[in-house]
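A quick write-up on the structure given underneath.
The values are calculated or read from the model by the stated rules, or taken from the named source; none is laboratory data. These numbers were taken from a predicted model, which means no experiment stands behind them. When we count neighbours, we look across all protein chains shown, and the Cβ atoms used for this are built from the backbone with ideal geometry, even at glycine.
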Amino acid sequence: MREITKTASRLLPVQPSDMTDGRNGTPVTTTQDDLRARDKTLIESLIEALPEATIALGSADRIICVNRAALTLFPALRPGDLLARVLRAPDVLDTVKRVRATGTRQSATWIERLPVERVFEVHAAPIAARGLEGSIIVNLHDLSEARRVERMRADFIANASHELRTPLSSLLGFIETLQGPARDDESARIRFLGIMRDQARRMARLIDDLLSLSRIEQNLHIRPQAPVDLALVLRHIVESLTPMAQDNNVTLVINAPGSVVVRGDYDELARIVENLVENAIKYGTPVAEHFKPEIHVTLGSKGHNAILSVRDFGPGIAAEHLPRLTERFYRVDNRQSREKGGTGLGLAIVKHILARHHGRLGIDSTLGEGSTFNIALPLHEG
Ligand SMILES: Nc1ncnc2c1ncn2[C@@H]1O[C@H](COP(=O)(O)OP(=O)(O)OP(=O)(O)O)[C@@H](O)[C@H]1O
Ligand SMILES: [Mg+2]
């Protein structure tokens with residue numbers, strides 16, 4: 001131990017600036033504590049090497065030094081201050097108190113509610129080295145991100161199960177009816193089988209969407225490089241969606257040059273265009289008489305990007321929904337989306353495909369006037 005201390009002090013001589021200012025990258029130390037400078041330097045360099053927020057306390061719970069990670073989270077921490085004065089966290093203070101009472105390592109969970117909820121696992125332990133008696137190391141392990149991911153996973157499973165359970169219950173209901181009361185009813189059988197086929201298709205579609213979402217996620221960091229003509233993609237999608245537009249009495253107005261080549265994957269880019277145009281047809285039907293029953297699909301380029309915009313003149317989307325539209329299963333109107341056979345995964349898939357292609361999505365909408373979905377994709381240059 002003595003040998004290590006010597007080595008450390010040789011490698012890290014104490015500079016006067018180290019003792020006063022930690023905000024320019026150097027760890028901060030107190031000049032008030034009566035620890036030997038060499039021991040302080042050792043603690044400093046040890047805690048600075050740790051990736052997580054760590055605080056070293058002297059005998060009276062006065063801060064000896066804090067590492068950069070701790071300063072980033074809690075800029076008020078200053079060497080020489082009493083911990084209780086600069087960190088209003090009864091759980092942390094209580095943990096330190098228990099270390100003093102027992103002389104052993106103690107842990108606790110600390111939830112900070114404001115300004116945003118953050119969850120930490122607090123670990124505090126006495127430093128058992130000669131000359132450092134009464135000192136304590138407090139480590140704050142940030143669990144906030146892990147908790148957030150866990151909550152998202154739980155929500156996702158709940159949503160996916162719910163989406164599958166609805167058509168499944170309907171299928172089971174019809175099967176029981178066909179086995180029982182409607183056993184000999186020919187016309188009911190034909191009608192029910194039609195509904196059952198639609199429900200089964202909806203479940204199949206949901207599973208397909210979930211699988212493609214996870215496939216895109218797995219390959220998120222592999223950028224597709226093939227040259228793809230977005231004008232050609234657009235022509236194919238418009239052709240396949242024209243019957244749906246006609247059924248909804250809207251006209252697709254296309255404004256596109258002969259060719260706009262981007263780097264990408266043909267099928268995935270087709271998926272983006274399909275979902276945006278399909279959404280415009282499904283949800284962008286004009287509400288007021290004077291609005292044109294049209295959807296404008298415009299393709300062009302700006303700088304190094306291809307720009308595709310899909311504009312509808314429908315009811316629009318309230319501002320509070322816009323940031324959440326690309327979340328899985330998020331819909332402005334759940335019933336309307338389900339009635340139209342939607343899974344609520346379309347824009348989540350669009351977002352993931354765009355991320356893979358280094359593209360961007362922008363949504364502008366005004367209630368009562370309609371919505372415009374813009375995408376930008378890097379052009380295939382050269
Ligand atoms: N052009 C639009 N006008 C108004 N609301 C829209 C428009 N596009 C999308 N939305 C809203 O955003 C929600 C999410 O769209 P998304 O494409 O992710 O799912 P979906 O269309 O419901 O299902 P899927 O795409 O699987 O068929 C829709 O349910 C709808 O409420
Ligand atoms: Mg959709």
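Some points to look at:
- For the range 216-238, the criterion of a residue being within 23 Å of residue 332 (Cα to Cα) and either within 16 Å of ligand 1 (Cβ to nearest atom) or surrounded by 18 or more Cβ atoms within 10 Å (Cβ to Cβ) (or both) is satisfied by no position.
- Within the range 337-356, the presence of at least one residue that is more than 8 Å from ligand 1 (Cβ to nearest atom), over 27 Å from residue 258 (Cα atoms) and free of Cβ contacts under 8 Å to residues at least 24 places away in the same chain is confirmed.
- Of all the listed residues (122, 116), the sole one being surrounded by 12 or more Cβ atoms within 10 Å (Cβ to Cβ) and aliphatic (A, V, I, L, M) is 122.
- Hits in the range 313-322 - residues which are within 8 Å of ligand 1 (Cβ to nearest atom) and surrounded by fewer than 14 Cβ atoms within 10 Å (Cβ to Cβ): none
- Residue match in the range 323-334 (condition: at pLDDT 90 or above, more than 9 Å from ligand 1 (Cβ to nearest atom), in contact with a Gly (Cβ under 7 Å, 6 or more places away or on another chain) and not in a strand (DSSP E or B)): no
- Residue that is modelled with the lowest pLDDT [pool: residues in the range 54-89 that are assigned to a helix (DSSP H, G or I) and in contact with a strand residue (DSSP E or B) (Cβ under 7 Å, 6 or more places away or on another chain)]: 73
- Here residue 254 meets each of (1) buried (at least 17 other Cβ atoms within 10 Å of the Cβ); (2) at pLDDT 95 or above with one exception, condition (1).
- Within the range 308-319, at least one residue is more than 24 Å from residue 378 (Cα to Cα) and part of a helix (DSSP H, G or I).
- Of the listed requirements (1) in a strand (DSSP E or B); (2) more than 8 Å from ligand 1 (Cβ to nearest atom); (3) farther than 24 Å from residue 258 by Cβ, residue 378 misses just one: (3).
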